[in-house]
Amino acid sequence: MRALAGAAVLAAAIASSANAGSRPVVVVSAKSYHLLAWDSGRKVCAEIVAADQTSSSCGSARRLTFAQLPLAVSKETFVGGVTSTRARTVDVLFANGASMHVKARPGRRYHGHRVRFFAGRERAVTAVSTITARDARGHTVQSIQVTPVPGPVPPLPPPQPCGCPPPTAKAKACPAIVCPYAGSAWTRN
(Lines give C-alpha, C1' and ligand atoms only; values in the text may rest on other atoms or scores of the structure.)
Protein backbone atom coordinates (compact mmCIF):
# COMPACT_ATOMS: atom_id res chain seq x y z
CA MET A 1 0.00 0.00 0.00
CA ARG A 2 2.79 2.40 0.93
CA ALA A 3 4.61 1.52 -2.30
CA LEU A 4 1.53 2.51 -4.33
CA ALA A 5 1.19 5.78 -2.42
CA GLY A 6 4.88 6.52 -2.98
CA ALA A 7 4.53 5.77 -6.69
CA ALA A 8 1.49 8.06 -6.91
CA VAL A 9 3.41 10.91 -5.23
CA LEU A 10 6.36 10.35 -7.59
CA ALA A 11 4.05 10.32 -10.65
CA ALA A 12 2.37 13.55 -9.48
CA ALA A 13 5.76 15.22 -9.03
CA ILE A 14 6.89 14.19 -12.52
CA ALA A 15 3.60 15.36 -14.07
CA SER A 16 3.77 18.74 -12.33
CA SER A 17 7.37 19.29 -13.47
CA ALA A 18 6.38 18.35 -17.03
CA ASN A 19 3.50 20.84 -16.97
CA ALA A 20 5.68 23.59 -15.50
CA GLY A 21 7.22 24.16 -18.94
CA SER A 22 3.83 24.64 -20.57
CA ARG A 23 3.06 27.85 -18.65
CA PRO A 24 4.29 31.10 -20.26
CA VAL A 25 7.35 32.55 -18.53
CA VAL A 26 8.85 36.01 -19.10
CA VAL A 27 12.31 35.43 -20.62
CA VAL A 28 13.16 38.95 -21.88
CA SER A 29 11.75 42.11 -20.37
CA ALA A 30 12.10 45.78 -21.21
CA LYS A 31 10.16 48.92 -20.33
CA SER A 32 7.81 48.83 -23.33
CA TYR A 33 7.73 45.12 -24.23
CA HIS A 34 8.45 41.61 -22.98
CA LEU A 35 8.94 38.15 -24.45
CA LEU A 36 7.15 35.11 -23.04
CA ALA A 37 8.17 31.51 -23.76
CA TRP A 38 6.67 28.09 -23.06
CA ASP A 39 6.91 24.47 -24.07
CA SER A 40 4.12 23.35 -26.41
CA GLY A 41 4.33 19.64 -27.06
CA ARG A 42 7.44 19.14 -29.16
CA LYS A 43 7.86 22.86 -29.88
CA VAL A 44 9.12 25.95 -28.10
CA CYS A 45 6.78 28.92 -28.35
CA ALA A 46 7.65 32.60 -27.97
CA GLU A 47 5.23 35.52 -27.72
CA ILE A 48 6.18 39.20 -27.96
CA VAL A 49 3.87 41.47 -25.95
CA ALA A 50 3.66 45.28 -26.17
CA ALA A 51 0.77 47.58 -25.23
CA ASP A 52 -1.75 44.74 -24.88
CA GLN A 53 -0.97 43.42 -28.35
CA THR A 54 0.69 40.08 -28.92
CA SER A 55 2.24 37.97 -31.65
CA SER A 56 3.55 34.46 -31.18
CA SER A 57 5.27 31.65 -33.04
CA CYS A 58 6.24 28.07 -32.24
CA GLY A 59 9.06 26.00 -33.65
CA SER A 60 11.61 23.31 -32.98
CA ALA A 61 14.17 23.95 -30.24
CA ARG A 62 16.83 23.33 -32.91
CA ARG A 63 15.63 26.09 -35.26
CA LEU A 64 15.66 29.87 -35.22
CA THR A 65 12.07 31.07 -34.79
CA PHE A 66 10.69 34.56 -34.27
CA ALA A 67 7.53 36.60 -33.89
CA GLN A 68 7.12 40.20 -34.92
CA LEU A 69 4.58 42.74 -33.77
CA PRO A 70 4.33 45.69 -36.16
CA LEU A 71 2.19 48.75 -35.43
CA ALA A 72 2.17 48.05 -31.70
CA VAL A 73 2.98 51.28 -29.90
CA SER A 74 3.93 54.65 -31.35
CA LYS A 75 4.37 53.11 -34.78
CA GLU A 76 7.17 50.73 -33.78
CA THR A 77 7.98 47.12 -34.69
CA PHE A 78 8.80 44.56 -31.98
CA VAL A 79 10.67 41.31 -32.69
CA GLY A 80 11.47 38.38 -30.41
CA GLY A 81 12.21 34.70 -30.67
CA VAL A 82 14.22 31.57 -29.92
CA THR A 83 17.71 30.65 -31.12
CA SER A 84 20.50 28.15 -30.48
CA THR A 85 22.40 28.06 -27.20
CA ARG A 86 25.60 28.75 -29.17
CA ALA A 87 24.24 32.16 -30.23
CA ARG A 88 25.39 35.17 -28.24
CA THR A 89 23.99 37.96 -30.40
CA VAL A 90 21.22 38.29 -32.95
CA ASP A 91 21.22 40.72 -35.87
CA VAL A 92 17.84 41.64 -37.34
CA LEU A 93 17.66 43.36 -40.73
CA PHE A 94 14.38 45.06 -41.64
CA ALA A 95 12.77 45.71 -45.02
CA ASN A 96 13.31 49.48 -44.68
CA GLY A 97 17.09 48.95 -44.39
CA ALA A 98 17.29 49.46 -40.62
CA SER A 99 19.12 46.91 -38.49
CA MET A 100 18.98 45.87 -34.86
CA HIS A 101 21.67 44.12 -32.80
CA VAL A 102 20.41 42.37 -29.63
CA LYS A 103 21.89 40.05 -27.04
CA ALA A 104 20.73 36.41 -26.91
CA ARG A 105 19.73 35.57 -23.34
CA PRO A 106 20.07 32.07 -21.90
CA GLY A 107 16.99 29.92 -21.43
CA ARG A 108 16.16 26.51 -20.05
CA ARG A 109 16.22 23.07 -21.65
CA TYR A 110 13.41 22.20 -24.10
CA HIS A 111 13.17 18.60 -25.34
CA GLY A 112 16.82 17.96 -24.53
CA HIS A 113 18.11 21.17 -26.12
CA ARG A 114 19.09 24.37 -24.40
CA VAL A 115 17.91 27.54 -26.11
CA ARG A 116 18.45 31.30 -25.97
CA PHE A 117 15.93 34.09 -26.39
CA PHE A 118 16.15 37.51 -28.02
CA ALA A 119 13.85 40.52 -28.28
CA GLY A 120 14.06 44.13 -29.37
CA ARG A 121 12.24 46.97 -31.10
CA GLU A 122 12.67 49.08 -34.21
CA ARG A 123 11.42 52.65 -34.08
CA ALA A 124 9.65 52.40 -37.43
CA VAL A 125 6.87 50.30 -38.88
CA THR A 126 8.56 47.73 -41.07
CA ALA A 127 8.85 43.99 -41.65
CA VAL A 128 11.68 41.63 -40.79
CA SER A 129 13.86 40.76 -43.77
CA THR A 130 16.70 38.67 -42.29
CA ILE A 131 17.63 37.36 -38.83
CA THR A 132 21.15 36.08 -38.14
CA ALA A 133 22.30 34.51 -34.86
CA ARG A 134 26.05 34.75 -34.19
CA ASP A 135 28.36 33.07 -31.69
CA ALA A 136 30.90 34.83 -29.43
CA ARG A 137 33.42 35.06 -32.30
CA GLY A 138 30.91 36.58 -34.72
CA HIS A 139 30.41 33.44 -36.80
CA THR A 140 26.91 32.73 -38.08
CA VAL A 141 25.21 30.00 -36.07
CA GLN A 142 21.71 30.24 -37.55
CA SER A 143 20.13 32.45 -40.16
CA ILE A 144 16.68 32.90 -41.61
CA GLN A 145 15.59 35.01 -44.54
CA VAL A 146 11.96 36.10 -44.50
CA THR A 147 10.10 36.30 -47.77
CA PRO A 148 7.85 39.34 -47.92
CA VAL A 149 4.13 38.77 -47.83
CA PRO A 150 2.79 39.62 -51.27
CA GLY A 151 0.60 42.68 -51.15
CA PRO A 152 -1.66 44.19 -53.74
CA VAL A 153 0.03 44.70 -57.09
CA PRO A 154 0.08 48.39 -58.05
CA PRO A 155 -1.63 49.19 -61.34
CA LEU A 156 0.55 49.77 -64.38
CA PRO A 157 1.02 53.40 -65.35
CA PRO A 158 -0.86 54.55 -68.43
CA PRO A 159 1.17 54.12 -71.62
CA GLN A 160 3.06 57.11 -72.93
CA PRO A 161 1.56 58.53 -76.10
CA CYS A 162 3.43 57.73 -79.27
CA GLY A 163 3.16 58.96 -82.82
CA CYS A 164 3.33 62.71 -83.13
CA PRO A 165 3.16 64.56 -79.78
CA PRO A 166 1.35 67.88 -79.44
CA PRO A 167 3.36 70.76 -80.90
CA THR A 168 5.54 72.88 -78.66
CA ALA A 169 7.03 76.31 -79.20
CA LYS A 170 10.39 74.83 -80.27
CA ALA A 171 9.14 71.87 -82.31
CA LYS A 172 8.70 72.80 -85.98
CA ALA A 173 8.16 69.24 -87.23
CA CYS A 174 6.72 66.04 -85.85
CA PRO A 175 9.50 63.67 -84.69
CA ALA A 176 8.97 60.02 -85.51
CA ILE A 177 8.09 58.22 -82.27
CA VAL A 178 7.66 54.48 -82.64
CA CYS A 179 5.01 52.89 -80.44
CA PRO A 180 6.59 50.25 -78.16
CA TYR A 181 3.22 48.59 -77.54
CA ALA A 182 0.33 47.41 -79.61
CA GLY A 183 -2.46 49.88 -80.09
CA SER A 184 -3.27 52.92 -82.08
CA ALA A 185 -1.01 55.94 -81.86
CA TRP A 186 -2.48 59.37 -81.63
CA THR A 187 -1.18 61.87 -84.11
CA ARG A 188 -1.78 65.46 -84.88
CA ASN A 189 -2.11 66.73 -88.43
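The values are calculated or read from the model by the stated rules, or taken from the named source; none is laboratory data. The structure presented is a predicted model; accordingly, all values stated were derived computationally and were not measured. Glycine also receives a Cβ, built like all others from the backbone with ideal geometry; neighbour counts cover every protein chain displayed. The accessibility values were calculated without ligands, DNA or RNA, using every heavy atom of the protein model including side chains. Shrake-Rupley method; radii C 1.70, N 1.55, O 1.52, S 1.80 Å.
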Requested in this report: Mind checking the full-extension length gain between S29 and T130? Use 0.36 nm per residue of separation minus the Cα-Cα distance, one decimal, nm.
Outcome: 34.1 nm
Query - Gained length - R63 relative to K75, 0.36 nm times residue gap less alpha-carbon distance - result: 1.4 nm
Query raised in the report: Taking H as built 1.01 Å from N, whose amide H comes closer than 5 Å to the amide H of A61, not counting residues under 5 places away?
Result: V44
Query raised in the report: Between S22 and D52, what is the spin-label point distance in nm, taking each point 7 Å from the Cα along the Cα→C-beta axis?
Result: 2.9
Report summary line: Sorted by chain and number, the residues with a modelled amide H under 5 Å from that of V28, at a separation of 5 or more or across chains, are L35
**Report entry** Modelled label reach - T85, point 7 Å along Cα→Cβ, the stretch 48-66 residues with backbone N closer than 15 Å
**Finding:** 61-63
Requested in this report: Starting from the amide H of A51, placed 1.01 Å from N in the peptide plane, find each other amide H under 5 Å away whose residue is 5 or more places distant or on another chain.
Outcome: none
Requested in this report: Can you sort T54, T83 by 1.4 Å-probe accessible area, starting with the largest?
Outcome: T54, T83
**Report entry** From phi via Karplus (6.51, -1.76, 1.60), per-residue ³J(HN,Hα) for the stretch 131-140 in Hz, x at Gly/Pro
**Finding:** 10, 10, 9, 10, 7, 5, 8, x, 7, 5
